[in-house]
1. Which of the residues spanning the stretch 166-177 are under 14 Å from the mean Cα position of the chain (by Cα) and open to solvent by 10 Å² or more (accessible area, probe 1.4 Å)?
2. Which ones in the stretch 338-386 are in a loop (DSSP other than H, G, I, E, B), of a type outside the set (A, V, I, L, M) and at pLDDT 95 or above?
3. Is there any pair linking a residue in the stretch 279-298 that is within 12 Å of the ligand (Cβ to nearest atom) to one that is modelled with pLDDT under 95 and not small (G, A, S), with Cβ under 8 Å and at least six apart or on different chains, and which?
4. From R316, R336, which residue is within 22 Å of the chain's Cα centre (by Cα) and not hydroxyl-bearing (S, T, Y)?
5. Consider only pairs whose beta carbons are under 7 Å apart and that are at least six residues apart or on different chains; among these, list those whose first residue lies in the stretch 178-205 and is closer than 16 Å to L274 by Cβ and open to solvent by 10 Å² or more (accessible area, probe 1.4 Å) and whose second residue is β-branched (V, I, T) and not in a loop (DSSP other than H, G, I, E, B).
6. Filter the stretch 187-204 for residues that are assigned to a helix (DSSP H, G or I) and small (G, A, S); which is farthest from the ligand (Cβ to nearest atom)?
7. Going through A70, A19, A87 one at a time, which residue ends up being more than 16 Å from the ligand (Cβ to nearest atom) and open to solvent by 20 Å² or more (accessible area, probe 1.4 Å)?
8. Condition test on V6, is it surrounded by 23 or more Cβ atoms within 10 Å (Cβ to Cβ), more than 14 Å from the ligand (Cβ to nearest atom) and in contact (Cβ under 8 Å) with a residue 24 or more places away in the chain?
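The values are calculated or read from the model by the stated rules, or taken from the named source; none is laboratory data. All figures in this text were calculated on a predicted structure; none of them were measured in a lab. Heads up, the Cβs are rebuilt from the backbone with ideal geometry, glycines too, and the neighbour counts pull from every protein chain shown. Note: areas computed on protein heavy atoms with side chains; ligands, DNA, RNA excluded. Shrake-Rupley method; radii C 1.70, N 1.55, O 1.52, S 1.80 Å.
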Amino acid sequence: MKPGFVWGAATSSYQIEGAVTEDGRGPSIWDTFSATPGKVDNGDTGEVAADHYHRYGDDVALMADLGLGAYRFSIAWPRVQPLGSGAVNQRGLDFYRRLVDSLLERGIEPWPTLYHWDLPQPLEDAGGWPERDTALRFADYAAAVHGALADRVTRWTTFNEPWCSAFLGYATGRHAPGRREPAAAVRAAHHLLLGHGLAVRALGDAEVGITLNLTDVSPRTRADADLDAARRIDGMQNRIFLDPLLRGSYPVDVIADLRGTTSFDHVRPADLDLISVPPAFLGVNYYSPMLVAGNASEKPSAYVGSPNVEHADGGRPRTSIGWEIDADGLLRLLLRLRRDYPAVPLYVTENGAAFDDEVHDTARIAYLADHLRACGEAIEAGVPLEGYFAWSLLDNFEWSFGYAQRFGLVHVDYATQRRTPKDSARWYSDVIRRNGVQGSLHRVHDHTGERS
Ligand code: FCB
């Protein structure tokens, strides 16, 4: 990769911190959701998680051992503002100052994300993201964190994957807060974007970006119904966020698809001016491509307004969480961003794989190597890709899948909290040291060979 390429690893607050009632932290929607029977596999919760709140010093030492240039983590809003608004909890801010200081001492750039899904419960009780006021509260919170860390942090990310917050949180109910209200989900998507725009304004001269979970969508066949399904899913997964942010408008076909759901009267004219202030960078999270098909029967779906679409099987190997592996999908996605949108510095802010491994994780190494080669090809083709963050530094609480799905470069034994770097951690450390993946440019095609 070119000099200055940022090599990092990522985590998020609720997935690793634990200590959910310590030092004045208030409850978040994920505390409530995971405590509700049936919502998370095995009844798992983030109560202890990887105990990072207490072990952050050791974890930063581990990052330094691996040679990470940057660490992407998220700040828990309910630690900073236990009620989601009003008084700031200094002890919550102090934790992040300590974390940031220890990163800086080791020469690791802190990459905080302000919101990775843990909304303070009182804000959900007042209506959550479907309410415009939540966006205003977010901007206040962002300003409070910025005030405490601006002397130490250069690059800020407002949101991680607003698609999940809006559509898994409020349409399918698979994520917190678990509501199934399609129109509310579309309003939530807008208010997340508005929160981004308001925070960009509140943070003044800071470099502020946003991370989206974008995907490469293709139709199963060239039949009209399949082509239409691909257009719709691209609209509701990618363009519903990319267009407001980078073009200043919602896509007309998406507005038309949603006509039966919402009239978009929650969007005020000046909102799009705020949302479309060019971000300092765009974070791209990529795991898997999407093959889609039209379907005659109507089914509830995360793709509000499009009940007649379904995911098709692309016939590729899958990771243990069931996601198909296709590194070329990342290449296609990056090329598409360059082709269809104004140039903006890009970072892959998450990419990685769940496997049922302990420490000898050959399959994860193959996955990461292939995706890093795709990044290299994208850069050669002129994509302004400036960095890559592996998901995840540590095994952690994988949302509705609980602890059963392990994405870490570092294994966590949850009974003892012992950390053991997997083979992939050693391998990634080597990649960082050489500033790129060594070896043949031919893709490794068999990813499923080893899972022990
Ligand atoms: C992404 C999330 C991240 C993690 C990975 C596997 O959608 O941003 O927290 O759960 O998936």
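1. Within the stretch 166-177, L168, H175 qualify.
2. The answer is Y341, P342, P345, N351, G352, F355, H360, D361, G382, P384.
3. The qualifying pairs are Y286/T215; S288/T215.
4. On the way: R316 fails: within 22 Å of the chain's Cα centre (by Cα).
None of the others qualify; the one that does is R336.
5. Within 7 Å, the pairs are V200/V208.
6. Of everything passing the filter in the stretch 187-204, A202 is farthest from the ligand (Cβ to nearest atom).
7. Details: A70 fails: open to solvent by 20 Å² or more (accessible area, probe 1.4 Å); A19 fails: open to solvent by 20 Å² or more (accessible area, probe 1.4 Å).
None of the others qualify; the one that does is A87.
8. Numbers: surrounded by 23 or more Cβ atoms within 10 Å (Cβ to Cβ): no; more than 14 Å from the ligand (Cβ to nearest atom): yes; in contact (Cβ under 8 Å) with a residue 24 or more places away in the chain: yes.
Judged against the criteria, V6 is not a match.
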